[in-house]
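What follows is a single structure, written as structure tokens, with notes after it.
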Amino acid sequence: MSTELSLAAWALLLAVIQLLLPAMARNRETGIGYNAGPRDRPGPPMGTMTARLFRAQANLFETLPLFLAAVVINHLAGVEGSMTLWGCWLYLLARVIYLPLYAFGVPWLRSLVWAVGLFGLVLLILNLLIPG
């Protein structure tokens with residue numbers, strides 16, 4: 001398996017972690033009984049950290065399909081190389097760093113890290129569009 005596909009698998013693991021973290025945080029706020037039930041009535045308001053974890057999750061899920069598609073298309077086209085490696089590493093590392101920055105409410109740096117991840121995604125797409 002190529003390094004790019006391995007990094008895509010790690011991104012999927014990150015997505016699973018980002019599914020679990022806000023769910024566990026919300027479970028601490030509402031209790032297992034509420035979360036296991038039908039939730040017909042709204043629960044108590046979300047805490048700050050829980051809300052941030054849910055927003056970080058949504059943010060990851062906005063770009064993850066694009067990242068996975070770009071990795072797979074580059075692989076199938078047989079055009080993996082230094083640009084795809086850089087793109088994958090930048091995307092994944094930025095997404096890993098982004099999560100705690102968002103959870104702890106760190107401004108500016110969080111946005112910069114997000115931009116680095118987006119740049120990694122752009123590298124993957126450009127690799128498909130610019131003949132090598």
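Taking the stretch 1-107 as the region of interest, the helices (runs of 4 or more DSSP H) fully inside it that hold 3 or more residues being surrounded by 12 or more Cβ atoms within 10 Å (Cβ to Cβ) are 3-30, 48-77, 82-103.
In the stretch 68-106, how many residues are out of contact with any His (no Cβ under 9 Å at 6 or more places or on another chain) and of a type in the set (S, T, N, Q)? Explain how you work it out, then say what you get.
Within the stretch 68-106, the subset out of contact with any His (no Cβ under 9 Å at 6 or more places or on another chain) is 68-83, 85-106.
Now restrict to residues that are of a type in the set (S, T, N, Q): 74, 82.
Residues that pass the stated criteria total 2.
Is it true that Ala36 is at pLDDT 95 or above and on the phi < 0 side of the Ramachandran plot?
Values: at pLDDT 95 or above: no; on the phi < 0 side of the Ramachandran plot: yes.
For Ala36, the condition - at pLDDT 95 or above and on the phi < 0 side of the Ramachandran plot - is not met.
Annotation: Val113 fulfils all but one of (1) in a helix (DSSP H, G or I); (2) among the β-branched types (Val, Ile, Thr); (3) more than 18 Å from Leu14 (Cβ to Cβ); the unmet one is (3).
The values are calculated or read from the model by the stated rules, or taken from the named source; none is laboratory data. Since the model is a prediction, treat every value here as computed from it, not as a measurement. FYI the Cβ positions are ideal-geometry reconstructions off the backbone, even for glycines, and counts take in every protein chain you see.
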